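Engineer: Below is one structure. I have some questions about it.
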Amino acid sequence: MNVDKLMVQLERKHPGEAEYLQAVREVLESIEDVYNQNPQFESAGIIERMVEPDRILTFKVPWVDDNGKVQVNLGYRIQFNNAIGPYKGGLRFHPSVNLSILKFLGFEQIFKNSLTTLPMGGGKGGSDFDPKGKSEAEVMRFCQSLMLELWKIIGPETDVPAGDIGVGGREIGYLFGMYRKLARENTGVLTGKGLNWGGSLVRPEATGFGNVYFAKEMLATKGSSFEGKTVAVSGFGNVAWGAVTKATELGAKVVTISGPDGYIYDPEGISGEKINFMLELRASNEDIVKPYSYQFQSGQFYEGKRPWEQKVDIALPCATQNELGKEDAEMLVKNGVVCVSEGANMPCTPEAVEVFLKNKILFGPGKAANAGGVATSGLEMSQNSMKLSWTSEEVDARLHQIMISIHEACVKNGKDSTGYVNYVKGANIAGFLKVANAMLDQGVI
Ligand code: NDP
Ligand code: 2IT
């Protein structure tokens with residue numbers, strides 16, 4: 001494999017798909033040596049087959065708004081790779097959604113799901129629908145219309161969607177209701193379901209909790225922990241909320257959260273009722289964090305800025321892709337950051353990642369560090385298959401163990417001769433090998 005040559009070919013086939021090409025390049029660069037040491041991969045065309053989705057469904061989603069006006073959005077589902085299990089991955093509703101973003105997310109999901117130790121393939125989907133400012137009834141009609149198309153290609157052993165940005169418990173409810181009606185069966189086909197209808201305890205918290213468990217393992221390799229550390233978190237959604245909760249529980253002081261309008265710096269720490277206020281902010285449908293500064297005197301609002309300018313020990317980017325650039329990374333390093341763990345998917349730009357690796361910072365890439373969300377989705381699927389529910393202690397213990405296993409896999413495949421663990425390389429190699437070997441076993445299909 002020659003990475004540059006492959007990338008030229010890929011860019012020719014998928015011009016302008018910047019996020020997708022960015023995600024592929026990172027994986028190719030990490031696995032290049034291992035790939036070339038195993039000529040069976042080259043002769044089976046593994047990488048050429050892995051970088052292209054099995055199939056993409058694109059469809060229109062017509063719906064009627066509260067004024068009686070017809071609206072049309074675009075819907076997508078990308079079934080990327082199912083060599084080790086049914087396609088699995090979230091649905092994102094955000095105006096920025098396009099094929100490049102969903103292909104980057106679907107591609108990453110292959111490796112992430114492989115790392116979880118559970119049998120799940122990779123997929124992703126969503127729509128350019130913007131839930132912001134929509135009424136409850138509009139969200140319901142939109143979800144129902146989307147499912148009228150999507151249900152044809154999903155199923156409990158085929159493809160199991162879940163949430164992502166803009167898709168939480170409410171949306172999963174409306175999507176599942178329509179699926180159940182159309183398919184005439186009540187199965188575990190979506191994850192992130194409500195507790196009374198097949199959902200798993202701890203799934204809402206799982207991505208953020210898992211991210212903190214992963215960071216905890218990274219810190220332990222240096223004899224360190226969350227106790228007494230200062231933490232910057234970005235975002236104020238599902239993932240950020242779980243991360244703030246668990247980091248605080250482990251004795252850290254979380255001093256920032258952020259939204260599209262700017263960030264909040266609270267030197268007294270975001271804990272207790274302040275964490276609950278995050279949920280209120282999210283539910284308000286306005287998508288701003290500024291009201292935190294009216295509610296709590298200690299909270300200062302920095303308009304249009306990102307939290308990475310604050311002096312912290314640990315950074316947990318939990319909002320969206322490419323939200324932490326080279327200069328942010330340099331600032332964090334200058335201020336003495338020891339650990340950066342990605343709760344979001346690809347929040348750090350390649351240039352930022354390079355700064356962290358060069359400075360030997362403990363850096364956990366999203367596909368390892370945020371795999372706790374999909375891992376707990378996998379646990380929800382197991383419970384649905386068994387028609388049983390586990391206690392929150394049991395789910396949390398399994399999630400914790402999975403994050404420890406992912407950390408071990410990264411160390412095994414990413415430790416260099418100086419003892420520094422390149423978790424990017426480790427995660428990509430470990431995730432890749434399992435899927436590649438499954439593809440080899442199953443022939444060219
Ligand atoms: P939420 O919708 O709950 O929160 C996302 C947050 O990021 C919101 O504050 C949102 O505000 C902000 N955001 C989204 N897009 C942008 C953008 N283009 N520019 C600036 N801010 C943005 O989503 P989640 O917490 O579920 O997801 C956060 C990240 O974690 C995403 O990268 C997601 O892919 C990843 N992730 C989620 C998992 C899950 O189980 N939910 C699992 C693993 C990873 P706004 O909408 O206004 O932009
Ligand atoms: O990016 C992700 O891993 C998710 N949005 C969760 C996917 C899932 O199937 O739970």
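Engineer: Based on the mean of other Cβ atoms within 10 Å per residue, sort peptides 161-167, 223-229 so the most packed one is first.
Structural biologist: The densest-packed peptide leads the list: 161-167, 223-229.
Engineer: Over its Cα atoms, what ratio of radius of gyration to 2.2 N^0.38 Å does the stretch 115-155 give?
Structural biologist: Rg over 2.2 N^0.38 Å, computed on Cα atoms: 1.56.
Engineer: Using a 7 Å offset from the Cα along the Cα-to-Cβ direction at both Lys412 and Glu268, what is the distance between the two label points in nm, to one decimal?
Structural biologist: So the two model labels end up 4.8 nm from each other.
Engineer: Also, quick follow-up: Any idea how far apart Lys181 and Gln295 come out in nm if each label point goes 7 Å out from Cα toward Cβ?
Structural biologist: The answer from the label model is 3.4 nm.
Engineer: At 1.4 Å probe size, put Ser258, Ser96 in order of accessible surface, largest to smallest.
Structural biologist: Solvent-accessible surface, decreasing: Ser96, Ser258.
Engineer: Compute, for Phe209, the solvent-accessible surface of its heavy atoms (probe 1.4 Å) with the complete set of protein chains present, and express it in square angstrom to the nearest 10.
Structural biologist: 20
Engineer: Between the stretch 6-23 and the stretch 146-213, what's the alpha-carbon centroid distance in Å?
Structural biologist: Each part reduced to its Cα centre gives a spacing of 31 Å.
Engineer: Could you estimate the translational diffusion coefficient of the stretch 56-118 from the Stokes-Einstein equation, with Rh from the Kirkwood formula over C-alpha pairs, at 25 °C and 0.890 mPa s, in whole µm²/s?
Structural biologist: Once the numbers are plugged in, D ends up at 182 µm²/s.
Engineer: Now for a separate question. In nm, give the distance between the simple-model label positions of Asn359 and Arg170, each being 7 Å from the Cα along the Cα-to-Cβ direction.
Structural biologist: 3.9
Engineer: Please list, or write none, the lysines whose alpha carbon is within less than 22 Å of the alpha carbon of Lys132, excluding same-chain residues fewer than 8 places away.
Structural biologist: Lys60, Lys69, Lys124, Lys193, Lys290, Lys305
Engineer: What's the percent breakdown of Cα-Cα distances in the chain across 20 Å bins, shortest bin first?
Structural biologist: Taking all Cα pairs of the chain, the binned fractions are 27, 60, 13, 0 percent.
Engineer: Of all chymotrypsin sites (Phe, Trp or Tyr not before Pro) in the stretch 306-383, which ones are in loop regions per DSSP and have a Cβ with at most 13 other Cβ atoms within 10 Å?
Structural biologist: When the chymotrypsin sites (Phe, Trp or Tyr not before Pro) of the stretch 306-383 are filtered for loop state and at most 13 Cβ neighbours within 10 Å, nothing remains.
Engineer: I'm a student and want to see the number: the projected area of the Cα convex hull of the stretch 203-296, averaged over all directions, in nm².
Structural biologist: Answer in nm², one decimal: 5.8.
Engineer: Taking 1 over the mean of 1/r across every pair of different Cα atoms in the stretch 309-445, what Kirkwood radius in Å do you get?
Structural biologist: That comes to 16.5 Å for the stretch 309-445.
Engineer: Which percent, nearest 5, of DSSP beta bridges in the chain are antiparallel?
Structural biologist: Counting DSSP beta bridges with both partners in the chain, the antiparallel share is about 60 percent.
Engineer: Once fully extended, how much extra length lies between Glu249 and Glu29, figured as 0.36 nm per residue of separation less the alpha-carbon to alpha-carbon distance?
Structural biologist: Fully extending the segment from Glu249 to Glu29 adds 75.5 nm.
Engineer: For Lys132, Lys112, give me the order by solvent-accessible area with a 1.4 Å probe, most accessible first, ignoring ligands, DNA and RNA.
Structural biologist: Accessible-area ranking of Lys132, Lys112, largest first: Lys132, Lys112.
Engineer: Next up: Write down, largest first, the equivalent ellipsoid semi-axes of the stretch 228-280 in whole Å, where each equals the square root of 5 times an eigenvalue of the alpha-carbon gyration tensor.
Structural biologist: Semi-axis lengths for the stretch 228-280 are 16, 12, 10 Å.
Engineer: Among all the aspartates and glutamates, which ones have a C-alpha under 12 Å from Lys181's C-alpha, if same-chain residues fewer than 8 places away are not counted?
Structural biologist: List returned: none.
Engineer: In the structure displayed, which of Lys112/Lys412; Lys274/Lys311; Lys216/Lys253; Lys334/Lys412; Lys5/Lys326; Lys112/Lys274 lie more than 24 Å apart, Cα to Cα?
Structural biologist: Result: Lys334/Lys412; Lys5/Lys326; Lys112/Lys274 exceed 24 Å.
The values are calculated or read from the model by the stated rules, or taken from the named source; none is laboratory data. Because the structure is a prediction, the values reported are computed rather than measured. Positions of Cβ are generated from backbone atoms using ideal geometry, with glycine treated the same way; all protein chains shown enter the neighbour counts. Just the protein is used for accessible areas: all its heavy atoms, side chains included, with ligands, DNA and RNA removed. Shrake-Rupley method; radii C 1.70, N 1.55, O 1.52, S 1.80 Å.
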